[in-house]
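Take a look at the structure set out below.
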Amino acid sequence: MLENFISVGRAEKKWTQQHLADDVGVSRQTIAALEKNKYNPSLILAFKISNSLGKEITEVFKFKEEVV
């Protein structure tokens, strides 16, 4: 499972979902779905989001292994 801190990064920059979406070239709905962990981003999108927020990718996305 991929945990993300996109909303934290947005809050630090005082950005809306729309602002981040415009910056990385996706829809606001995509950012909302990512923040709710409805799906995992592509590696390229993950890097774009991290770069846009001015953070390392490991600060925005954390892998949590699910125990079965």
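The values are calculated or read from the model by the stated rules, or taken from the named source; none is laboratory data. No experiment lies behind these values; they were computed from the predicted model shown. Reconstructed Cβ throughout: ideal geometry from the backbone, glycine too, with neighbour counts over all protein chains shown. With ligands, DNA and RNA removed, areas are computed over all heavy atoms of the protein, side chains included. Shrake-Rupley method; radii C 1.70, N 1.55, O 1.52, S 1.80 Å.
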Suppose the filter is free of Cβ contacts under 8 Å to residues at least 12 places away in the same chain and open to solvent by 70 Å² or more (accessible area, probe 1.4 Å); does K48 pass it? no
message = On the basis of being open to solvent by less than 40 Å² (accessible area, probe 1.4 Å) and either closer than 25 Å to V67 by Cβ or among the polar types (S, T, N, Q) (or both), does I31 make the cut?
response = no
For the range 51-68 the number of residues that are small (G, A, S) and either in a strand (DSSP E or B) or open to solvent by less than 40 Å² (accessible area, probe 1.4 Å) (or both) is 1
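For (1) among the hydrophobic types (A, V, I, L, M, F, W, C); (2) at positive phi, each residue gets a yes or a no:
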site	(1), (2)
K14	no, yes
H19	no, no
V24	yes, no
L34	yes, no
L43	yes, no
G54	no, yes
I57	yes, no
V68	yes, no
Note on the range 6-24: residues in contact with a helix residue (DSSP H, G or I) (Cβ under 8 Å, 6 or more places away or on another chain), open to solvent by 70 Å² or more (accessible area, probe 1.4 Å) and within 15 Å of A46 (Cα to Cα) are D23
Only unsatisfied item for E3, checking (1) open to solvent by less than 50 Å² (accessible area, probe 1.4 Å); (2) modelled with pLDDT under 95; (3) within 10 Å of the chain's Cα centre (by Cα), is (1)
